[in-house]
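The values are calculated or read from the model by the stated rules, or taken from the named source; none is laboratory data. This structure is a prediction, so every number in the text was calculated from the model and none was measured. No Cβ is skipped: glycine too gets one built from the backbone with ideal geometry, and neighbour counts run over all protein chains shown. Heads up: the accessible areas ignore ligands, DNA and RNA and are worked out on the full protein's heavy atoms, side chains in. Shrake-Rupley method; radii C 1.70, N 1.55, O 1.52, S 1.80 Å.
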Amino acid sequence: MRVHVECYSAYKAEERPVRFRIDTYEYRVEEVVDQWYGPQDAWYKVRADDGNLYILRRQSSVPDGAWDLVSFRKAAG
């Protein structure tokens, strides 16, 4: 699922996601729980302001690579 992601940029561009939008709802990233890199993609496991966990993937092999929502886990409780 395609998502629109806003990133924090400092030392390098698109260092980490800080906000993302699915349809018309916007989520603020409260914590980057984990991140890892593959040959074509960068992956971020984040906890959003709704308490849920999301895995976002950015296609890093091309400039302005597309973002996708790969996984979603509802918060326990």
Handout entry: Accessible surface ranking that places the most exposed of Asp64, Asp34 first, with a 1.4 angstrom probe
Key = Asp64, Asp34
Problem - trypsin sites (Lys or Arg not before Pro) restricted to DSSP loop in region 32-77 with at most 13 other C-beta within 10 Å - result: Lys74
Problem - Rg/Rh (Cα only; Kirkwood hydrodynamic radius) as it applies to region 4-51 - result: 0.98
Problem - Test item: Cα-centred dipole of the chain, Lys/Arg +1 and Asp/Glu -1 on Cβ, debye - result: 140
Problem - Neighbour cut-off at most 13 other Cβ (10 Å), DSSP loop, chymotrypsin sites (Phe, Trp or Tyr not before Pro), the chain - result: Tyr11
